[in-house]
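The values are calculated or read from the model by the stated rules, or taken from the named source; none is laboratory data. Note that the structure is a prediction, hence the values are computed from the model and not measured. Neighbour counts run over all protein chains shown; Cβ positions are idealised from the backbone, glycine included.
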Amino acid sequence: MRKVLIITYYWPPAGGPGVQRWIKFTKYMPEFGLEPIVFIPEKANYPLLDNSLLDEVPNNLQIVRFPIFEPYRLASFFSKKKTKRISSGIIQKGEKQSVLEKILLWVRGNLFIPDARKYWVKPAVRFLRQFIETHGIHTVITTGPPHSVHLIGMHLQKQSDIQWIADFRDPWTTIGYHQKLKLTSVSKKKHLALESKVLQRADKLIVTSNTTKKEFEQKTNTPIRCITNGFDGTRPSTACDSLFTLSHIGSLLTDRNPMGLWSVLGELIKENALFSERLRIQLIGVVGEEVLESLDAHGLSGHVVALGYLPHDAVVAYQTKSQVLLLTEIDAKETQGIIPGKLFEYLKAERPVLALGPEHWEAGELVEKSQSGRYMQVNDVKTIKLVVLDWFEQYKNQKLTVATKGVEKYHRRELTQSLADFITWESS
């Protein structure tokens, strides 16, 4: 078997789709002649925990844990709540940020470049240089964010005879979160310079959307393959809720707040007594305060059930029982290539997906192409209302279903085969 070293910051008990991506790759890699070895931080400061994911880690997987120093965790001495919220990706709008939050964002963006895990790079490289030689490893894969992990791969490539593949689960300098870090002009240049080095020096690049692939192709000639996130297993045989449940799974950040949808639902509960009686808005994951405030402003608070972050196995059950699954994204050009990992779990659930996002959103177009639901722009309230009413009528007649098409290619095994082919592919 060909040994492949995977360097990742996020690993169980951390929660989130980035964790699931590489758990599943390591599960199926041996079927394609690859022996994965995972290198992770010891006692990392994860913002979200999901101990249920520990049960999904392959039993025979070799895992190497290495100490990490994370100075940003010292900020929790001043405010543990604010530090954790920022680490989770929830950044309040400027006018609502406290002085402390503004300081924390400035520190995060300008003192820790590319991110607060930068101090893991040098000691990890020193350790792995000998480890790679001892274990006969020829391929190293780094997966980010955090993008400091890619710097480990870049240094190892210079010092060892390896193939280095950089996996970008999200873009680097063009992602919306990056724009909120109060970067100085000098810091922006440093981020761009590091991004360019990684894109140019890696032997191969992996991205999770075709939009990001096109972006990177403008910046480098390095071979790039799009390997999306996916789903594993089959749909549980679970009956749907008796109520008209509209569920959002995952972090519902302030800028993703679907105001147009809340406006429509607020109108419908006033116009239709049965709709008001049956509607339930189910939020599973971290929710921004502004989202809850806007729900209240549209008279929807009495219909909301906020369950917070739940283990992955519980999430699967909730989304399978839901009548409608909500997928929403920030209405901006830079988010057109974001395909949330939850979408593929939605495809597995085989429930109608209401996708609200920017124009030319790749995730929304995937929803339409797979016939798994409807895609509209965030503020297209007229169409949103027509679709919700149509689905509510189907729900009343117990006929609210979807017949997905072509989703098998998003199964984790199929995606791992694509990964294995890319690892062994030799450029001419």
Test: residue in segment 336-354 that is within 21 Å of Thr401 (Cβ to Cβ), out of contact with any strand residue (DSSP E or B) (no Cβ under 9 Å at 6 or more places or on another chain) and charged (D, E, K, R): yes
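Please go through segment 197-209 and give me each residue that is under 18 Å from Pro145 (Cα atoms) and either surrounded by 16 or more Cβ atoms within 10 Å (Cβ to Cβ) or in contact (Cβ under 8 Å) with a residue 24 or more places away in the chain (or both), ordered by number. Spell out how you get there, then give the answer.
Taking segment 197-209 first, the residues under 18 Å from Pro145 (Cα atoms) are 197-202, 204-209.
Lys197, Val198, Leu199, Arg201, Ala202, Lys204, Leu205, Ile206, Val207, Thr208, Ser209, listed by residue number.
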Strands (runs of 3 or more DSSP E) (entirely within segment 250-329) containing at least 1 residues that are farther than 17 Å from Leu354 by Cβ: 304-308
Test set (1) over 23 Å from Trp120 (Cα atoms); (2) of a type in the set (A, V, I, L, M, F, W, C); (3) at pLDDT below 95 - Leu48 fails condition number: (1)
Test for Val305: is it over 30 Å from Glu215 (Cα atoms), surrounded by 18 or more Cβ atoms within 10 Å (Cβ to Cβ) and in contact with a strand residue (DSSP E or B) (Cβ under 7 Å, 6 or more places away or on another chain): no
Criterion violated by Lys214 - all others in (1) modelled with pLDDT of 95 or more; (2) outside any helix (DSSP H, G or I) satisfied: (2)
Residues of segment 151-168 that turn out to be in a helix (DSSP H, G or I) and β-branched (Val, Ile, Thr), as a count: 1
Scan of segment 17-43 for residues that are touching a helix residue (DSSP H, G or I) at 6+ places or on another chain (Cβ under 9 Å) and small (Gly, Ala, Ser), ordered by number: Gly33
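The rows are residues; the columns are (1) crowded, with 19+ Cβ neighbours inside 10 Å; (2) free of Cβ contacts under 8 Å to residues at least 60 places away in the same chain.
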site: Ala239; (1), (2): no, no
site: Ser242; (1), (2): no, yes
site: Thr245; (1), (2): yes, no
site: His248; (1), (2): yes, no
site: Ile284; (1), (2): yes, yes
site: Ala297; (1), (2): no, yes
Single residue of Val387, Val381, Val407 found to be surrounded by fewer than 21 Cβ atoms within 10 Å (Cβ to Cβ), modelled with pLDDT of 95 or more and more than 24 Å from Trp262 (Cβ to Cβ): Val407
Single residue of Ile175, Ile165 found to be in the same structural domain as Gln62 (by TED's automatic domain parsing) and modelled with pLDDT of 95 or more: Ile165
Residue that is surrounded by the most Cβ atoms within 10 Å (Cβ to Cβ), among those in segment 112-150 that are among the hydroxyl-bearing types (Ser, Thr, Tyr) and part of a helix (DSSP H, G or I): Ser148
Selection from segment 1-43 of residues that are assigned to a loop (DSSP other than H, G, I, E, B) and either surrounded by fewer than 19 Cβ atoms within 10 Å (Cβ to Cβ) or at pLDDT 95 or above (or both): Met1, Tyr9, Tyr10, Trp11, Pro12, Pro13, Gly33, Lys43
Condition check for Val125: under 23 Å from Gln218 (Cα atoms), at pLDDT 95 or above and in contact with a His (Cβ under 9 Å, 6 or more places away or on another chain): no
Leu156 vs. criteria free of Cβ contacts under 8 Å to residues at least 40 places away in the same chain and either not charged (D, E, K, R) or not assigned by TED's automatic domain parsing to the domain that holds Leu34 (or both): yes
Scope segment 193-211; condition out of contact with any helix residue (DSSP H, G or I) (no Cβ under 9 Å at 6 or more places or on another chain) and either modelled with pLDDT under 95 or polar (S, T, N, Q) (or both); matching residues: Ser196, Gln200
Residue under evaluation Gln394, criteria (1) closer than 25 Å to Leu268 by Cα; (2) in a loop (DSSP other than H, G, I, E, B), criterion not met: (2)
Test: residue in segment 218-234 that is loosely packed, with under 14 Cβ neighbours inside 10 Å and not assigned by TED's automatic domain parsing to the domain that holds Gln159: yes
Residue match in segment 359-366 (condition: loosely packed, with under 14 Cβ neighbours inside 10 Å and under 24 Å from Ser209 (Cα atoms)): yes
